[in-house]
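Engineer: First the structure, then my questions, so here it is.
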Amino acid sequence: MSEETMADYSAELEASFKQIHEGDIMSGTVIGISETEVTLDLRYYTDGIIRLEDFSEEPGFSLKDAVSMGDEISATVIKKDDGEGHILLSKKEANDVLAWDKLQELMDNDTILTVKISGVVNAGVIAYVEGIRGFIPASKLSLSYVEDLNSWLFKEIRVKIITLDKERKKLVLSAKEILQDEEKKERSSKISAVPIGLVTEGTVETLQKYGAFIDLGNGLSGLVHISQISNKRIKHPGVLLHEGDKVKVKVIDIKDGKISLSMKALEDVAAEEIEEETYDLPETESLSTSLGSLFANIKLD
């Protein structure tokens, strides 16, 4: 092992001679965590301290839950000496400078974030990202209507940033876009597993003038176009179908994530089977039966 030289410590030496001032932003590595403060190695002649109250404004925030040993943290110098020879820092103040840039980056990259809901307000809930208070409208919490916002308190959910305004300090988050994307992918996966030609049973979901939507189960539905309902010509699906009816359908096409169904195709198959059964009867038996029936109805004088 080679001997260490002064060059190996050039960065540390340079940092140790650097003059710091209140308001400067410094970065350091977490080397200590307690309930009330975090200690940073600033690669300086002394360590930095961030007190709990200077770390975050988030209600119920826990340093031990949010910070890990080895984390890199940037904070603003608020006092060069806290009375015990340490540099007193504030992550909250640094956030006003750095966090918004980080949030912009997260938004630009469409990053999925896991946040904990820490408060309930009118028409939505509150969660913090990078120490910045974010608002999640009730309409963006779920795919369905949210009746009780309080039931979401302290839950962890995945969100994306959908609105960011640094000047007005406005941060809006949404879980709905993530859920919609996942639902779309799940549906696409289910549809790709459906074979064309499949015959199955479904329930009439809704009727439109152009056809009937059939619930196939497992979150899938398909359309029976009015021309595919029956061999008979009808003016409206309601002539033959009603919501809630159980029907047998055949998958005849899948395109652009839409399933096309047919009931008429099954009528055609049934008709072909009847024809084949009649055609397959032995010729002599068929003839003798027909002739026997004919003579049975004839009375001879």
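Here, each number is a calculation from the coordinates, and none is a lab measurement. These figures come from a predicted structure and were not determined experimentally. Heads up, the Cβs are rebuilt from the backbone with ideal geometry, glycines too, and the neighbour counts pull from every protein chain shown.
Engineer: Just for segment 110-180, what percent of DSSP beta bridges are antiparallel, to the closest 5?
Structural biologist: 95
Engineer: Follow-up question, since we're still on this one. Could you compute the net charge surrounding Glu177? Neighbours are other residues with a C-beta less than 14 Å from the C-beta of Glu177; K and R count +1, D and E count -1.
Structural biologist: Local charge sum for Glu177: +2.
Engineer: Counting other beta carbons within 10 Å of each Cβ, put Asp253, Asp96 in order, fewest first.
Structural biologist: The fewest-first ordering by Cβ neighbours comes to Asp253, Asp96.
Engineer: Mind giving me the nanometre distance, one decimal, between the label points for Val97 and Asn218, set 7 Å out from Cα along Cα→Cβ?
Structural biologist: 5.7
Engineer: Further, regarding this structure: For segment 96-204, what's the relative contact order in percent, using C-alpha pairs closer than 8 Å and at least 6 residues apart?
Structural biologist: Relative contact order comes out at 24 percent.
Engineer: Please report how far the C-alpha centroid of segment 108-153 lies from that of segment 69-91, rounded to the nearest whole angstrom.
Structural biologist: 31
Engineer: Let me have the relative contact order for segment 13-96, percent, based on Cα pairs under 8 Å that are six or more residues apart.
Structural biologist: The value is 33 percent.
Engineer: Sticking with this one: Lys170's amide H: which non-local residues (gap 5+, or another chain) put their own amide H closer than 5 Å, with H modeled 1.01 Å from N in plane and none for Pro or chain starts?
Structural biologist: Result for Lys170 returns Asp165.
Engineer: Sequence-distant or interchain residues sharing an amide H contact under 5 Å with Gln208, placed H: which?
Structural biologist: When sequence neighbours closer than 5 places are left aside, the close amide H contacts are Phe213.
Engineer: Can you give the FRET efficiency for Asn150 and Ser34, using 1/(1 + (r/R0)^6), R0 = 30 Å, r = Cβ-Cβ distance, to the nearest 0.05?
Structural biologist: Using R0 = 30 Å, I get an efficiency of 0.40.
Engineer: Taking θ as phi - 60°, what are the ³J(HN,Hα) couplings along segment 151-160 by the Karplus curve (6.51, -1.76, 1.60), each to the nearest whole Hz, with x for Gly and Pro?
Structural biologist: Here the 3J(HN,Hα) series is 6, 8, 4, 6, 6, 9, 9, 9, 9, 10 Hz.
Engineer: Provide Met26, Met107, Met69 in ascending order of the number of other Cβ atoms located within 10 Å of each residue's Cβ, fewest first.
Structural biologist: By the 10 Å Cβ count, ascending: Met69, Met107, Met26.
Engineer: Just to be sure I understand: of the beta bridges DSSP finds with both ends in segment 144-266, what percent are antiparallel, rounded to 5?
Structural biologist: Approximately 95 percent, going by the DSSP bridge assignments.
Engineer: Now, a different point. What does DSSP give for segment 9-144 in terms of the percent of beta bridges that are antiparallel, rounded to the nearest 5?
Structural biologist: 90
Engineer: Let me ask something else about it. Given q = 0.21, 0.26 Å⁻¹, what are the Debye log10 I(q)/I(0) values for segment 193-267, with equal point scatterers placed on the Cα positions and solvent ignored?
Structural biologist: -0.84, -1.30
Engineer: Taking θ = phi - 60°, what integer Hz values does the Karplus form 6.51 cos²θ - 1.76 cosθ + 1.60 yield along segment 79-96, in sequence order, with x for Gly and Pro?
Structural biologist: 7, 6, 8, 7, x, 10, x, 9, 8, 8, 10, 9, 6, 4, 5, 5, 4, 4
Engineer: Now for a separate question. Which entries of Lys160/Lys258; Lys102/Lys140; Lys190/Lys246; Lys232/Lys264; Lys64/Lys155; Lys235/Lys264 show an alpha-carbon separation above 20 angstrom in the structure shown?
Structural biologist: Lys160/Lys258; Lys102/Lys140; Lys190/Lys246
Engineer: Also: Output wanted: per-residue J couplings in Hz (rounded whole) for segment 164-177, from phi through Karplus 6.51 cos²θ - 1.76 cosθ + 1.60, θ = phi - 60°, x for Gly and Pro.
Structural biologist: Result, ordered by residue: 9, 9, 4, 5, 8, 6, 10, 10, 10, 10, 8, 9, 4, 4 Hz.
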